[in-house]
Amino acid sequence: MSSPRFTEYPPLRDSAFILSGPGEKVNGGTPLTIPAGRPILKRQHSTGGTAIETGLWKQFDRIVVFDTETTGIEFGRDEIIELGAAAFSAEGETDCMDLLLRLSPGRTLPPFITQLTGITEEQLEQEGVEKADACEAFCNLLGGGERTLLAAYNAQFDLNFLYHFLRPFGRADVLRAPRFLDVLTVYRDRRDYPHKLNDAITAYGLEDQAVNSHRAVDDARAAAVLLEAMAAERDDLDRYVDLFGYSPKYGVSGRRIASVEYRPQPYQRVRPLYEVTETL
């Protein structure tokens, strides 16, 4: 099936989540719940007891951090095999989901994906849920709030997969209201290359709080812990909402999101991305 053009959909922010082709200009089941864990992205308090809200909590009531594991890197060809997400209020984690998804008929799982994630075809068959059930679980967790922030580490990748996963079920509209935050973009402004999630965990000394296991909910929670650490270091996360960095050498991967502003972000830090005026 050919990739959709952005002209097929109404404009984003108040209308729809749009993806456009590379180089194109654009305008404008049941979720699994666990008891709340340690507060993440919580409001910070001074020694005097006065609440000091982060920039994110001034704008949002709910932050959902998610991650996908997939059969490959091509969103139009590959598919999601695990979808994990954790939802947070200012007080801490409120809900989570972690679902394996059955492969489509005739699909096989590449051996290198099993080697990377530990997920096997047998697991997907025995423990996986139908895609429609996973779709409903995610939509229920995300909710319909207009003050929701949807975040991921390398969000450009995961949002491309998520959109194409939700669309066949007529549920892509759940991506209309949330704003987006790419945790990787923030981290690239904090530390020089390399920029894998595991590098970030090590850089901030979070090994006892987070693990980059290449399993969806673990990586989602790791990204949330990383956000908390970066907010404590410099509270400018709100400046990265709907702002994604991309490699000047390789350009934007996947299809662009209409509501997101893309700016070149070199591996070597010069100044925060929100101070960069060059766009593509």
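Which of rounded, prolate, oblate describes the range 174-242, given a ≥ b ≥ c as roots of the alpha-carbon gyration tensor eigenvalues and a/c under 1.5 marking rounded, otherwise prolate only if a/b is larger than b/c?
Note, shape of the range 174-242 comes out oblate.
How much length, in nm to one decimal, is gained on full extension between Asp61 and Thr202, taken as 0.36 nm per residue of separation minus their Cα-Cα distance?
47.8 nm
Under a straight-distance cross-link criterion of Cα-Cα below 20 Å, which aspartates and glutamates are reachable from Lys58, leaving out those fewer than 8 residues away in the same chain?
Partners found: Glu91, Glu93, Glu146, Asp182, Glu228, Glu233, Asp235, Asp236, Asp238, Asp242.
Give, in nm to one decimal, the length gained when the segment between Arg271 and Glu233 is fully stretched (0.36 nm per residue of separation minus the Cα-Cα distance).
Using 0.36 nm per residue and subtracting the Cα-Cα distance, I get 12.1 nm.
Coordinate-derived values only; no laboratory data. All figures in this text were calculated on a predicted structure; none of them were measured in a lab.
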